[in-house]
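Colleague: Below is one structure. I have some questions about it.
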Amino acid sequence: MLSSHQQARRQERLDAVLAAAWEIAAESGLGAVTLHDVARRVGLRQPSLYVYVSSKLGLFDAMYARAYGELLARLAALPDSGSARLRLMRIFWVILDFVVSQPPRQQLLFQRTIPGFTPSEPSYALAEKLVEQVTALLAEVGASRPEQVDVYTALIAGLGAQQIANDPGGDRWSRLLEPVLDCILDHCRREDLP
């Protein structure tokens, strides 16, 4: 059993490993992240990384969990006041800013760009927390069916992907956020939809 000092030291090292992995991803893309390069950046030999992550896919899983943890922390800091529409808009903005500011987050969280990578159950549970928040707010505006939640999540991911791909540093796609949300909500209120 590790002492509290050893646990703190291990956590610091894991934080450094994940920071190095995200730095590499930001510089060269997710596909460029290797255990060798991460180890080199944090001053370890590659075999020493296995104390912190089980494999390259384990590293991506830890990155996935860390990113969702950071995103959920940002969402938790939002005011819990106003209409459901306003709260959905706040969530939409935070998510869009989170992924557009670091495109590898968009790829890891909302796309399947790493061959063989599937988030572990505990990591994916973090993503499900976000969906639960959105689902509850959509239900408040009368959109409680799973396909209505799917439309919302697809449009968030889609706007992020479009902004990153077609207007990096600009706002061509992000400025559409509010009209897109209104479209989603209008669409979800229609009774004749599947």
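Colleague: Roughly how big is the chain's charge dipole about its Cα centre, with Cβ charges of +1 (Lys, Arg) and -1 (Asp, Glu), in debye to the nearest 20?
Modeller: 700
Colleague: Can you give the convex hull volume per residue for the Cα atoms of region 1-106, as a whole number of Å³?
Modeller: 119
Colleague: Rounded to the nearest Å, what's the spacing between the alpha carbon centres of region 110-164 and region 1-26? Just the number, please.
Modeller: 28
Colleague: Now, a different point. From Cα coordinates alone, what are the radius of gyration and Dmax values for the chain in angstrom?
Modeller: Final numbers for Rg and Dmax: 18.7, 60 Å.
Colleague: Let me ask something additional. Using a simple charge model, +1 on the beta-carbon of Lys and Arg, -1 on the beta-carbon of Asp and Glu, nothing else, what dipole does region 64-176 show about its Cα centre, in debye to the nearest 20?
Modeller: 180
Colleague: Work out the FRET efficiency for residue 11 and residue 34 from their Cβ-Cβ distance, taking R0 = 22 Å, and round it to the nearest 0.05.
Modeller: Step by step, r from the Cβ atoms, then E = 0.45.
Colleague: For the chain, with a Gaussian network of springs between Cα atoms less than 10 Å apart, report the residue from 116, 158, 69 with the top mean-square fluctuation.
Modeller: The residue that fluctuates most here is 116.
Colleague: Now for a separate question. In a solvent-free Debye calculation with one equal scatterer on each Cα, what is log10 I(q)/I(0) for region 80-165 at q = 0.12, 0.18 Å⁻¹, listed in the order of the q values?
Modeller: Results for region 80-165 at q = 0.12, 0.18 Å⁻¹ read -0.38, -0.85.
Colleague: Computed from the mean reciprocal separation of all distinct C-alpha pairs, what Kirkwood hydrodynamic radius does region 1-40 have, in Å?
Modeller: One decimal place: 10.9 Å for the Kirkwood radius.
Colleague: Suppose only helical runs count, i.e. DSSP H with n ≥ 4. What mean residue ellipticity at 222 nm does that imply for the chain under -39500 (n - 2.57) per run, divided by all residues and rounded to the nearest 500 deg cm²/dmol?
Modeller: Only helices count here, giving -23000 deg cm²/dmol.
No lab work stands behind these numbers, since they all come straight from the coordinates. Note that the structure is a prediction, hence the values are computed from the model and not measured. Cβ: placed from backbone, ideal geometry, glycine included. Neighbour counts: every protein chain shown.
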